[in-house]
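Reviewing the structure listed below.
The values are calculated or read from the model by the stated rules, or taken from the named source; none is laboratory data. The structure presented is a predicted model; accordingly, all values stated were derived computationally and were not measured. FYI the Cβ positions are ideal-geometry reconstructions off the backbone, even for glycines, and counts take in every protein chain you see. When the accessible area is computed, the model is the full protein with side chains, heavy atoms only, and any ligands, DNA or RNA have been set aside. Shrake-Rupley method; radii C 1.70, N 1.55, O 1.52, S 1.80 Å.
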Amino acid sequence: MALLQISEPGMSTAPHQHRLAVGIDLGTTNSLVATVKSGMSVVLSDENGHDLLPSVVRYYADQAPQVGHAAGQTPHDAQNTIVSVKRFMGRGLQDIADAGYLPYRFVDAPGMVQIKTIAGVKSPVEVSAEILKSLKLRAENSLGGELAGAVITVPAYFDDAQRQATKDAAKLAGLNVLRLLNEPTAAAVAYGLDNAAEGMFAIYDLGGGTFDVSILHLTKGVFEVLSTNGDSALGGDDFDRRVFCWMLEQGKLPPLSPEDNSLLLTKAREAKEWLSEHAEARITCVTSSGDVIDIILTSARFKELTQPLVVKTLAPLKKALRDAKLTPDEIQGIVMVGGATRMPHIKQAVAEFFGRVPLTNFDPDKVVALGAAIQANVLAGNRSDNDLLLLDVVPLSLGLEMMGGLAEKIIPRNSTLPVARAQEFTTYKDGQTAMSIHVVQGERELVADCRSLARFELRGIPPMAAGAARIRVTFQVDADGLLSVSAREQTTGVEANIVVKPSYGLAEGQIADMLQAAFTYAADDKDLRVQLELEVEARQLIEAVNNALQQDGEMLLSEAERADIKNKIADLQSAMGDVGKLKVATAALNQATEEFATRRMDQSVQKALTGHNLSEIQI
């Protein structure tokens, strides 16, 4: 039996209204946006037909930043061209092991690391927001309307700080986040719904900057995550780095400039990708100091250089299986996710570990976005033929600091989301009237080895003998994996609580300041939107005219008229990118086809009337 939707008069949603929602894979190397069209999850392309948006942002002193393909074509400006920013999300400078190796000018600010650019100091949240803005614009232009919301994917092993930073970036980009979804779970949704799969599945997700593995039980539309593990600082970038270091050794190069480092990293990435399908890659380039590099990297040597990284991914795989109380033989299928899984020796290692060939019927670059789109469609309230239930888990244990610097776990890792747990504590000293509560995340026994998430105080505890007070501390984790904590003294009812905004997240005021700063380029953004809308309309017009010419052109038009229309089409195609020329060329093509449209209409009316008496036609 269906429940009626009750709304205020005049406020109810149209019964067949489809709300525009998207899934976004905010990746280290590339990002994507997908949606559900006619019941199918599809990736949305840009005006040039590109599905993947390189996660690259280049800043300028006097204009809006460039994002994507155009930004990535500037290796000579490495310090202002930010790549792989996902690795810095929710992280301080001390968390970035390779900070000195990267070409950026880092600022070790309190909280999250900052990057100094020609446009000022930028946080990873601001950089990520630029990528999300670009994807939002792509989606709205493609779908022809404003988005109701988005599901954004994050690595399963992202901690609370990294998740909050991702949400902050989405808010800054003007996106309504319906949910943060773990990337392996999103991949399972895409795979499971498409194949009606059931059983135990392993999701092996090696992206540009993160590695995740999740063990899921799929049955009749229920996706239950049994365990998850991984490394949020291991990905395809590390394979590039191994090749980069090998290039330095082979070329016996002196210390390089940031631009040369960026150039060699690009060459290393290109060689890695080439070796996925070829036996050897030739690497040639000239540094700014005139040093020439011309070396050949074989697939066998590449495998030798990076095999320790491949082995490093197997340890989390073993732990995830152990936590799920399963053996490799009990896994029905292995889904490979992330562009880095295209490397042959990774596929080989995973196949050897499980004793079966991984599933490859999805593009590993797109499967996460496709799954996120399916979940976004459900959360936006659009009807779905698939009853979808996601049971995700907490990736790392959550707890409190006890006396002696010990960590007491309240919510153990791999607990199903959403989850709430409570535990009672008491005072340490006689007459104690306040308690400091330190929230931590991690698996270690000592607080010093865990990540600090938040601190708050409970005051107003009645003075009692040590151990007499009863303080109930409740942890709640929502479907996004974000935490809130409350503490209540049971005899008096005095209470304190906190929604955990980690020290690496952004305060509401900071986000407001960033939004205000974004108005600087509001005019540029508006102009860009107008241009893209005109280009979409122009392409639709060209397609319609070409179809009409193919069907009726020879019958209804002279050769000179057809030539004129084709010239106007060519003029419109060449006007792409210039708003003024687009408007003029569109008007010209419309005018040139007016007579053609009239003749086609007359022909249709004539066909409709042929063979009928006047009395048979009802007006």
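In the stretch 138-161, what residues are out of contact with any Leu (no Cβ under 8 Å at 6 or more places or on another chain) and crowded, with 21+ Cβ neighbours inside 10 Å?
Kept after step one, since they are out of contact with any Leu (no Cβ under 8 Å at 6 or more places or on another chain), are these residues of the stretch 138-161: 144, 155-156, 158.
Once the filter is applied, which keeps residues that are out of contact with any Leu (no Cβ under 8 Å at 6 or more places or on another chain) and crowded, with 21+ Cβ neighbours inside 10 Å, the stretch 138-161 yields 155, 156, 158.
Take residue 323 and tell me if it is of a type in the set (Asp, Glu) and in contact (Cβ under 8 Å) with a residue 60 or more places away in the chain.
Working: of a type in the set (Asp, Glu): yes; in contact (Cβ under 8 Å) with a residue 60 or more places away in the chain: yes.
Here the answer is yes, as residue 323 does meet what is asked.
Count, please, the residues in the stretch 258-297 that happen to be touching a helix residue (DSSP H, G or I) at 6+ places or on another chain (Cβ under 9 Å) and farther than 30 Å from residue 105 by Cα.
Qualifying residue count for the region: 10.
So, in the stretch 260-279, how many residues would count as being under 16 Å from residue 292 (Cβ atoms) and either open to solvent by 60 Å² or more (accessible area, probe 1.4 Å) or under 27 Å from the mean Cα position of the chain (by Cα) (or both)?
Within the stretch 260-279, residues that are under 16 Å from residue 292 (Cβ atoms) and either open to solvent by 60 Å² or more (accessible area, probe 1.4 Å) or under 27 Å from the mean Cα position of the chain (by Cα) (or both) number 3.
Out of 400, 370, 326, 321, report the one residue that is assigned to a helix (DSSP H, G or I) and either exposed (fewer than 15 other Cβ atoms within 10 Å of the Cβ) or over 22 Å from the mean Cα position of the chain (by Cα) (or both).
Numbers: 400 fails: assigned to a helix (DSSP H, G or I); 370 fails: either exposed (fewer than 15 other Cβ atoms within 10 Å of the Cβ) or over 22 Å from the mean Cα position of the chain (by Cα) (or both); 326 fails: assigned to a helix (DSSP H, G or I).
When all the criteria are applied, what remains is 321.
Quick one: what pairs do we get from the stretch 270-291, first residue within 18 Å of residue 77 (Cα to Cα), second open to solvent by 50 Å² or more (accessible area, probe 1.4 Å) and part of a strand (DSSP E or B), C-beta under 6 Å, 6+ apart or different chains?
286/292
I'm checking my understanding of the structure. Among residues of the stretch 407-451 that are among the aliphatic types (A, V, I, L, M) and outside any strand (DSSP E or B), which one is nearest to residue 486 (Cα to Cα)?
First, pick out the residues of the stretch 407-451 that are among the aliphatic types (A, V, I, L, M): 407, 410-411, 417, 419-420, 422, 434-435, 437, 439-440, 446-448.
Within this subset, residues satisfying the condition of being outside any strand (DSSP E or B) are 417, 447-448.
Numbers: 417: 18, 447: 20, 448: 23 Å.
Checking each candidate, the answer is 417.
Sort through 534, 528 and tell me the only one that's open to solvent by 50 Å² or more (accessible area, probe 1.4 Å) and at pLDDT below 85.
Details: 534 fails: open to solvent by 50 Å² or more (accessible area, probe 1.4 Å).
Testing whether each residue is open to solvent by 50 Å² or more (accessible area, probe 1.4 Å) and at pLDDT below 85 leaves just 528.
Mind checking which pairs have a first residue in the stretch 566-580 that is in contact (Cβ under 8 Å) with a residue 40 or more places away in the chain and a second that is open to solvent by less than 70 Å² (accessible area, probe 1.4 Å) and not acidic (Asp, Glu), Cβ under 6 Å, 6 or more apart or different chains?
Final answer for the pair search is 579/531.
Would you confirm whether or not the stretch 359-366 contains a residue that is open to solvent by 70 Å² or more (accessible area, probe 1.4 Å), assigned to a loop (DSSP other than H, G, I, E, B) and among the basic types (Lys, Arg)?
Step one: filter the stretch 359-366 for residues open to solvent by 70 Å² or more (accessible area, probe 1.4 Å), giving 360-361.
From what is left, the residues that are assigned to a loop (DSSP other than H, G, I, E, B) are 360-361.
Going one step further and asking which of them are among the basic types (Lys, Arg), we end up with none.
Scanning the stretch 359-366, I find no residue that is open to solvent by 70 Å² or more (accessible area, probe 1.4 Å), assigned to a loop (DSSP other than H, G, I, E, B) and among the basic types (Lys, Arg), so the answer is no.
Yes or no, residue by residue, for (1) out of contact with any Ser or Thr (no Cβ under 9 Å at 6 or more places or on another chain); (2) among the charged types (D, E, K, R):
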residue	(1), (2)
171	yes, yes
174	yes, no
188	no, no
203	no, no
233	no, no
238	no, yes
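Restricting to the stretch 581-609, give me the number of residues that are open to solvent by 40 Å² or more (accessible area, probe 1.4 Å) and under 40 Å from the mean Cα position of the chain (by Cα). Even if it seems obvious, please write down each step before you answer.
Step one: of the stretch 581-609, the residues open to solvent by 40 Å² or more (accessible area, probe 1.4 Å) are 581, 583-584, 587, 590-591, 594-595, 597-602, 604-609.
In the following step, the residues that additionally are under 40 Å from the mean Cα position of the chain (by Cα) were identified as 581, 583-584, 587.
Here the count works out to 4.
Of the residues 367, 337, which single one is in contact with an Asp or Glu (Cβ under 8 Å, 6 or more places away or on another chain) and either closer than 23 Å to residue 183 by Cβ or modelled with pLDDT of 90 or more (or both)?
Working: 367 fails: in contact with an Asp or Glu (Cβ under 8 Å, 6 or more places away or on another chain).
Only one candidate qualifies: 337.
Tell me, please, whether a residue that is modelled with pLDDT of 80 or more, among the polar types (S, T, N, Q) and open to solvent by 30 Å² or more (accessible area, probe 1.4 Å) can be found in the stretch 494-503.
Residues of the stretch 494-503 modelled with pLDDT of 80 or more: 494-495.
Next cut, among the polar types (S, T, N, Q) only: none.
Checked the stretch 494-503: no residue is modelled with pLDDT of 80 or more, among the polar types (S, T, N, Q) and open to solvent by 30 Å² or more (accessible area, probe 1.4 Å).
Out of the helices (runs of 4 or more DSSP H) lying entirely within the stretch 554-619, which hold 3 or more residues that are at pLDDT below 85 and not hydrophobic (A, V, I, L, M, F, W, C)? Write out each step before concluding.
Values: elements: 559-574, 579-592, 594-609.
Per the criteria, 594-609.
One line per residue, one yes/no per condition, for (1) β-branched (Val, Ile, Thr); (2) open to solvent by less than 60 Å² (accessible area, probe 1.4 Å):
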position: 413; (1), (2): no, no
position: 418; (1), (2): no, no
position: 425; (1), (2): no, yes
position: 441; (1), (2): no, yes
position: 450; (1), (2): no, yes
position: 456; (1), (2): no, yes
position: 463; (1), (2): no, no
position: 477; (1), (2): yes, yes
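Okay, residues lined up against (1) touching an Asp or Glu at 6+ places or on another chain (Cβ under 6 Å); (2) more than 21 Å from residue 185 (Cβ to Cβ):
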residue	(1), (2)
116	no, yes
122	no, yes
150	no, no
155	yes, no
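Provide a single number: the residues in the stretch 141-165 that are in a helix (DSSP H, G or I) and more than 26 Å from residue 206 (Cα to Cα). Even if it seems obvious, please write down each step before you answer.
Residues of the stretch 141-165 that are in a helix (DSSP H, G or I), as a first pass: 141-143, 160-165.
Narrowing further to those that are more than 26 Å from residue 206 (Cα to Cα): 141-143.
Of the residues in that region, 3 qualify.
Taking the condition of a type outside the set (S, T, N, Q) and in a strand (DSSP E or B), does residue 305 pass? Spell out the reasoning first.
Working: of a type outside the set (S, T, N, Q): yes; in a strand (DSSP E or B): no.
No, not satisfied.
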